[in-house]
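**Student:** Before I ask anything, here is the structure I am working with.
The values are calculated or read from the model by the stated rules, or taken from the named source; none is laboratory data. Only a predicted model underlies this, so the values are computations on that prediction, with no experimental measurement involved. FYI the Cβ positions are ideal-geometry reconstructions off the backbone, even for glycines, and counts take in every protein chain you see.
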């Protein structure tokens, strides 16, 4: 609700008492400033608080005591549009129009959250000797990278949470890409509010990451590391 502007009466112009006129003008200016301050603090209220959301991250507490393979995996960065490298929750209406919610945000950019969910899921599986984020000081046998294409609410009937990404795994020694996986799915949103959108996006991500984990299991089952 917009704050009503306080009107003030103009002081009459005279030439008989210039000192009083100047003094009165100073008093009026001070009164106006005080009234405006009071209006901002009391009449308009405070700005809405921002709400932050995050994806569910798999627990690593139930890791297998010994890995199935001796493979060391590295999780590289995900590229994406700048919208998905920031913390805004993205919505789209129509085929080309997109925007972000003003007071609803992710705790981290979607690219970072998706990478963390992937890392924790593969680590929790217990199928690998190690799963680490790719850094200059870490070494591994394979590195997984990819691109996030969609991570948004799509208006329609019904409203859906769309997640689209593509991952590839590269052999560190040879530089060859040995495995790829493309994921695209629209998860229906149960209610017309941001919390329901977040829940649907979370479910969609969990579904996609489980597909990735199963695909990697199949690859290493048919390409055993010697």
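**Student:** Could you list, in sequence order, the residues of region 123-147 that are more than 13 Å from residue 76 (Cβ to Cβ) and in contact with a strand residue (DSSP E or B) (Cβ under 6 Å, 6 or more places away or on another chain)?
**Tutor:** Those that are more than 13 Å from residue 76 (Cβ to Cβ) and in contact with a strand residue (DSSP E or B) (Cβ under 6 Å, 6 or more places away or on another chain): 123, 128, 129, 130, 141.
**Student:** Separate question: Limited to region 182-197, what total is found for residues that are touching a helix residue (DSSP H, G or I) at 6+ places or on another chain (Cβ under 6 Å) and either over 17 Å from residue 166 (Cα atoms) or outside the structural domain of residue 160 (by TED's automatic domain parsing) (or both)?
**Tutor:** Selection size over region 182-197: 3.
**Student:** Check residue 212 against each of (1) in contact with a helix residue (DSSP H, G or I) (Cβ under 7 Å, 6 or more places away or on another chain); (2) farther than 19 Å from residue 127 by Cβ; (3) crowded, with 19+ Cβ neighbours inside 10 Å and name the one condition it does not meet.
**Tutor:** Unmet for residue 212, out of (1) in contact with a helix residue (DSSP H, G or I) (Cβ under 7 Å, 6 or more places away or on another chain); (2) farther than 19 Å from residue 127 by Cβ; (3) crowded, with 19+ Cβ neighbours inside 10 Å: (2).
**Student:** Quick one: which of 161, 200 is touching a helix residue (DSSP H, G or I) at 6+ places or on another chain (Cβ under 6 Å), touching a residue at least 12 places away in the same chain (Cβ under 8 Å) and within 30 Å of residue 105 (Cα to Cα)?
**Tutor:** Going through 161, 200 in turn, just one is touching a helix residue (DSSP H, G or I) at 6+ places or on another chain (Cβ under 6 Å), touching a residue at least 12 places away in the same chain (Cβ under 8 Å) and within 30 Å of residue 105 (Cα to Cα): 161.
**Student:** Would you mind finding the one in 112, 121, 108, 199 that is under 21 Å from residue 56 (Cα atoms) and in a loop (DSSP other than H, G, I, E, B)?
**Tutor:** It is 108.
Per-residue answers, yes or no, for (1) assigned to a loop (DSSP other than H, G, I, E, B); (2) surrounded by 17 or more Cβ atoms within 10 Å (Cβ to Cβ):
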{"residue": "76", "(1), (2)": "no, yes"}
{"residue": "79", "(1), (2)": "no, no"}
{"residue": "117", "(1), (2)": "no, yes"}
{"residue": "136", "(1), (2)": "yes, no"}
{"residue": "140", "(1), (2)": "yes, yes"}
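**Student:** What is the residue count in region 99-146 for residues that are under 19 Å from residue 201 (Cβ atoms) and over 15 Å from the mean Cα position of the chain (by Cα)?
**Tutor:** 5
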